[in-house]
Structure formats: structure tokens, C-alpha cells
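These notes concern the structure reproduced below.
The values are calculated or read from the model by the stated rules, or taken from the named source; none is laboratory data. Worth saying up front: this structure is predicted, and the values here are computed from it rather than measured. For neighbour counting, all protein chains shown are included, and Cβ atoms are generated from backbone atoms with ideal geometry for every residue, glycine included. Please note that ligands, DNA and RNA were not included when accessible areas were found on the heavy atoms of the full protein model with its side chains. Shrake-Rupley method; radii C 1.70, N 1.55, O 1.52, S 1.80 Å.
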Amino acid sequence: INREQRALMKAIVDAYNRHQIPEDVAKKLLQDQYSPEENFLLLTEMATSQVQVLVEFTKNIPGFLSLDREDQIALLKGSAVEAMFLRSAQVFSRKMPTEHTDVLEERVRKSGIPDEFMTPMFNFYKSIGELHMVQEEQAILTAITILTPDRPYVKDPQAVERLQETMLDVLRKLCVLQHPQEQQYFARLLGRLTELRTLSHYHSEMLASWRMNDHKFTPLLCEIWDVQ
Ligand SMILES: CC1(C)[C@H]2CC[C@]1(C)[C@H](OC(=O)c1ccc(O)cc1)C2
């Protein structure tokens, strides 16, 4: 990893750590019993703050703000769900005490998310947890997810691809350094991005089923996912 790549990595990790979900939102999820309606409101607050955190993090990815303005929006809208699942997988798999993750899991289960979406979601969380990613890997993997060139409506995918390739190069070297005994570790990380894409399919069904039961989203969530 050369000096320039180290600087790039530092910028991304600092941004990733600077923009975290406010502790109070995550803590609220761990408090006493809530009804499914209150649970849903908490998840709405969590999702909304995750999108705000995502926007702030993305603006700090070196090179992102020099992309075409409309492409910046297209990348944010196209990656929001995947970045959200990646971030919450890291929250779930962080050294949070097990009873906390169980409570969090309970909350999510009791928020009106149909069961058929719970299984793939928690399988993903487990598969992320098993990787024991260091925070640099988490931050760069999130940046790679955001800088996916083949999102809908991106006008200049080559410009996005150039940025993504820089990140992929740093991540590959980082994986070799951090996990010398597992030469396929980098490939396993990228395999998680494929799994993420299937989750975003479930997510749109999740939104539809919530809307069927007349659940209200916040304006920010409506805007990022083009609903209502
Ligand atoms: C952990 C998750 C990634 C998983 C369960 C909560 C999440 C933050 C996310 O919630 C929403 O997308 C969502 C969308 C709209 C809304 O009003 C509430 C939650 C899906």
C-alpha cells in the first residue's frame, strides 16, 4: 500500500467513523418492550438516520463530489439499501453483547417485517460477522458498494468505475495484510456484495408490505427509494 493509498484509506475510515448512527437511536432499540407500531417507528428512525449517515459518508469519499451531480444522486439512490444492510450488519456483528443483538433481532422481528425477509437478512448478518472485518475493510467495502458503476441512470459509469477500481486495489492489498493466512479473503468479501444485491430485492418487497399495512415512511426515505 503506497502513501497515496494510505491517505485514501485514512480519509475513508475517518469519514466512516465520524458518521455513525447516533448511539441514542441504537440504544432506544435496546430499551424495554414496544408495540409493533412503536417498533416500526424506531426502525424508521434508525433507517432515516442511516440514510443521513450514508449521505455524509459518501460526500467524504475522495473523488465522489467531482462526479457528475446527477450521477452522485443515482449512486446514492442505487446503493442506499445495500449500504444500509452492510452498515447494520456491522452494527449487529460488532462486539455488541449478545443479549443486545438478540433484543435488536427481536425488535426487528416484531416490527411487522414478514418472516420470509427475516431469514435472508439475519443469514447475511451472520455471514458478515464471521468475516471479522477490521474497520478499514468495512469502510472501504461500503465505499466500493456506493461506487458501483452499473446502478440505474448513471450517465458516466467509466468515471465511477475508475474510482471503484482504486478502492478495490486498496482493499485487495489490505486483505492480504490483515488476513495473510486466508488468500481467498478478498474474494469472500466481494462475494458478500453479491449477497447484498439479493437483499435489496427483499427490501423493496419489505417496503411494499409495510405500505400495504399503511405504515408511514419519512420524507427522506420516500425520496431515496422513490416511494409515495
Ligand atoms: C436493519 C434494517 C436495515 C432492516 C430493518 C431496519 C433497517 C434499518 C431497515 O429498515 C428499513 O429499510 C426501513 C424503511 C422504512 C421504514 O419506515 C422503516 C425501516 C431494514
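Apply 1/(1 + (r/R0)^6) to the Cβ-Cβ distance of K155 and N17, taking R0 = 30 Å, and write down the FRET efficiency to the nearest 0.05.
It comes out at approximately 0.40.
With the contact rule set at Cα under 8 Å and sequence spacing of 6 or more, what percent relative contact order holds for the chain?
Relative contact order, the chain: 28 percent.
If the cut-off is 21 Å between C-alpha atoms, which lysines fall inside it for K59, apart from same-chain ones fewer than 8 positions away?
Cα-Cα hits under 21 Å: K10, K77, K155.
Using Cα atoms only, what is the angle between the long axis of helix 69-93 and the major principal axis of the chain, expressed in degrees (0 to 90) to the nearest 10?
Helix 69-93 sits roughly 70 degrees off the main axis of the chain.
With equal scatterers on the alpha carbons only and no solvent term, can you work out the Debye log10 of I(q)/I(0) for the chain at 0.11, 0.13, 0.14, 0.15 1/Å?
Reported log10 I(q)/I(0), two decimals: -0.55, -0.78, -0.90, -1.04.
Which residue fluctuates most in the GNM of the chain (Cα springs below 10 Å): Q72, Q52, Q178?
Q178
At 222 nm, what value in deg cm²/dmol follows for the chain if DSSP H runs of at least 4 each add -39500 (n - 2.57) and the sum is divided by all its residues, to the nearest 500?
-24500 deg cm²/dmol
Please list M212, M84, M118 in order of solvent-accessible area, largest first, computed with a 1.4 Å probe with all protein chains present.
M212, M84, M118
When averaged across all projection directions, what area in nm² does the alpha-carbon convex hull of the range 114-156 cover?
Directional mean of the projected Cα hull area for the range 114-156 stands at 4.5 nm².
Which percent of the accessible area of the chain is formed by carbon and sulfur heavy atoms (probe 1.4 angstrom)?
Carbon and sulfur atoms account for 55 percent of the accessible area of the chain.
Relative to the first principal axis of the alpha-carbon coordinates of the chain, what is the inclination of helix 157-178, with its axis defined by its Cα atoms, in degrees from 0 to 90 and to the nearest 10?
Helix 157-178 and the main axis of the chain meet at about 90 degrees.
Determine the order of R107, R18, R69 by accessible area, beginning with the largest, at a probe radius of 1.4 Å.
R69, R18, R107
Please tell me the relative contact order of the range 133-199 in percent, rounded to the nearest whole number, where contacts are Cα pairs under 8 Å and at least six residues apart.
29 percent
Just to confirm, what accessible area per residue do you get for the chain at 1.4 Å probe, in whole Å²?
The answer is 51 Å² per residue.
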